[in-house]
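Here is the structure we will look at, set down as structure tokens.
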Amino acid sequence: MIKPRWLSGLSLRYRLLLITLASLIVGIAAIDIATVTALRSFLISRVDTQLESNVAPAARLVVLRGGDVGNFGSAPLLALPSGTFGEFVFANGSSITGEFSSAQTPTLLPPNVTSGFIGNQKVSIPINRAITLHQGDTAFRVIAEPYAAYNGTMVLAIPLNSVADTIGRLELAELLVSAGVILGLGVLATASIRLGLSPLERMRSQAREVTVGDATAKVDSYGPAEVRTLAESLNTMLERLQLALLDSQTSQERLRQFIADVSHELRTPLTSIKGYADLYLRGALSDENGVSVAMGRISSESTRMAALIEDLLLLARMDQNRPLSLSPVDLSGLVSQGIMDAQAVEPERQFESSVSEGVLVLGDQHRLTQVLANLLANVRTHTPAGSQVLIKLECLPKGTPLPVGSRSARDGSGDAFGGVDETISMLDYSEITRLTVTDSGPGLEPAQLDRVFERFYRSDESRSRARGGAGLGLALVAAIARSHGGVAWAFSPGEGEGATFGIDLPRLVLDEEEPSEVAPASDTPSKLPAKRAQGGSRWRAGR
């Protein structure tokens with residue numbers, strides 16, 4: 001629909017006012033026209049009644065008096081108004097005309113109701129039906145009826161001056177009243193529209209505050225239901241925009257911090273490598289022992305830098321949702337091997353374990369091994385060598401909540417950690433496997449617990465890199481757990497009371513296995529793409 005240019009430039013207030021006034025004018029005009037039409041029809045019907053009831057007496061008077069009916073005050077035609085004409089047309093073509101008016105009434109010209117020459121005239125209007133004829137400025141209501149007693153037709157014409165006067169007075173009255181009503185209602189409509197649009201005006205002024213940079217501005221949500229709904233929608237939109245702006249600022253800050261951390265982590269080994277290389281090139285390492293030490297340091301720093309880059313690449317792959325190399329993984333055996341490796345590295349540490357047998361998950365064995373290795377490495381880094389560690393692997397019903405007070409990798413840190421592997425996302429499972437590593441170290445404060453899965457985050461900023469690493473271990477744990485359809489979480493009762501790090505993953509049950517007693521068996525196996533399956537068993541998840 002094409003709108004006029006002048007209308008598109010008007011404000012909503014003036015548009016509503018124009019629509020209201022136009023509707024009001026059309027409505028009042030329709031009422032006025034209907035009133036005038038009804039009154040005219042009523043008055044003319046009364047004239048028609050006069051004509052029908054007086055046409056016979058008028059015919060006798062005209063014929064008997066020979067048209068001399070100027071003063072009929074004593075005649076029985078008292079219902080006829082002054083200025084009424086009567087004409088009797090005989091069958092032989094002759095006619096007699098008389099005017100029923102008093103001496104004081106100005107003479108009017110009679111309407112032309114016959115045709116033909118004098119002495120050979122005929123009635124030219126319909127018979128037995130009243131019609132309106134105009135003679136000059138005067139309108140007449142005319143009826144013609146046969147009169148057998150005198151062998152002719154009587155035509156009676158009553159002027160409609162009184163009807164015209166009455167209609168004229170009514171039209172003038174309606175014009176004045178309508179103009180007053182339109183003016184009064186127009187003023188009232190202007191005030192009502194201004195009052196009704198005041199919430200929108202407030203919302204517009206408050207929206208301007210947002211455009212000038214007030215990110216915390218809100219709009220008032222009181223008023224009519226429609227305005228409240230609009231205000232609530234705008235406030236919801238503003239809240240989302242504010243959250244998006246805050247997230248954007250946080251992401252930018254974290255990106256800058258991430259780049260600074262990567263640069264700092266890489267600069268340290270590169271500085272060492274460059275320093276030893278410069279010493280060698282300048283000949284400062286004259287003896288074989290010095291060269292051997294320098295080469296050893298270059299090798300160790302290169303190895304640390306390569307490990308850092310490998311971790312960063314792995315995190316990038318997790319963020320890009322690269323497919324995993326999936327197969328059924330015996331998590332029980334993997335955990336048992338990880339404990340043996342940890343005991344070999346730290347014989348003096350006390351390891352306790354509670355591992356359920358035959359726990360399978362669908363995953364990438366190399367990545368899951370890396371998760372356990374990182375969790376145990378985190379224990380070695382942050383706890384005394386002789387402290388106790390508890391590794392626990394158990395099967396729980398799907399939906400089992402995390403320990404009260406724990407923080408998952410999805411809370412607070414803002415890292416997306418990529419998405420779930422496409423194949424794993426199709427699993428329908430009723431059990432989860434929960435792997436936890438509990439230490440007896442210094443524990444974590446609430447602020448540290450909220451950020452423990454962030455990349456390059458160190459709970460102890462003062463510790464050296466030689467002792468602690470780059471701070472990517474737990475970020476890798478969270479990303480790998482996320483890609484396997486699970487979640488990484490951490491819990492600490494308080495400072496000095498140790499910490500627990502865990503991952504929850506969907507449990508996998510092969511068709512030939514008996515399901516555990518945690519949840520009832522299901523007859524519906526998971527449908528997995530054949531190209532991703534390995535081995536001869538069909539897979540279904542935790543049923």
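Every number in this text was worked out from the coordinates using simple rules, so none of it is lab data. This is a predicted model, so every value here is computed, not measured. Every residue, glycine among them, receives a Cβ derived from its backbone with ideal geometry; neighbour counts consider all protein chains shown.
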How far apart, in nm, are two points set 7 Å out from the Cα along the Cα-to-Cβ line at I309 and at D428? 4.7 nm
Rounded to whole angstrom, the alpha-carbon centroid of region 321-356 lies from that of region 29-63 at a distance of 112 Å
Note down the net charge around T438, summing +1 for each Lys or Arg and -1 for each Asp or Glu among other residues with Cβ under 10 Å from its Cβ. -1
How would you order 148-157, 240-249 from highest to lowest mean count of nearby Cβ atoms within 10 Å? 148-157, 240-249
Ordering of 497-509, 227-239 by burial proxy (mean other Cβ atoms within 10 Å per residue, highest first): 497-509, 227-239
Under the Karplus relation with 6.51, -1.76 and 1.60 and θ = phi - 60°, whole-Hz ³J(HN,Hα) for region 56-62, x at Gly and Pro, equal 6, x, 5, 5, 5, 5, 5
At most 14 other Cβ within 10 Å, DSSP loop - trypsin sites (Lys or Arg not before Pro), region 103-172: R129
Neighbour-count ranking for K274, K398 (other C-beta within 10 angstrom, fewest to most) reads K274, K398
Quick one: what are the phi-derived ³J(HN,Hα) couplings along region 191-201, Karplus 6.51/-1.76/1.60 with θ = phi - 60°, whole Hz, x for glycine and proline? 5, 5, 5, 4, 5, x, 8, 4, x, 5, 5
Quick one: net charge around A144, please, counting Lys, Arg +1 and Asp, Glu -1 for every other residue with C-beta under 10 Å from its C-beta. -1
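If you count, for each residue, the other Cβ atoms within 10 Å and average over each peptide, how do 332-341, 357-366, 189-198 line up from highest to lowest?
357-366, 332-341, 189-198
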Neighbourhood charge, 15 Å Cβ-Cβ cut-off, centred on S387 and excluding it, Lys, Arg +1 and Asp, Glu -1: -3
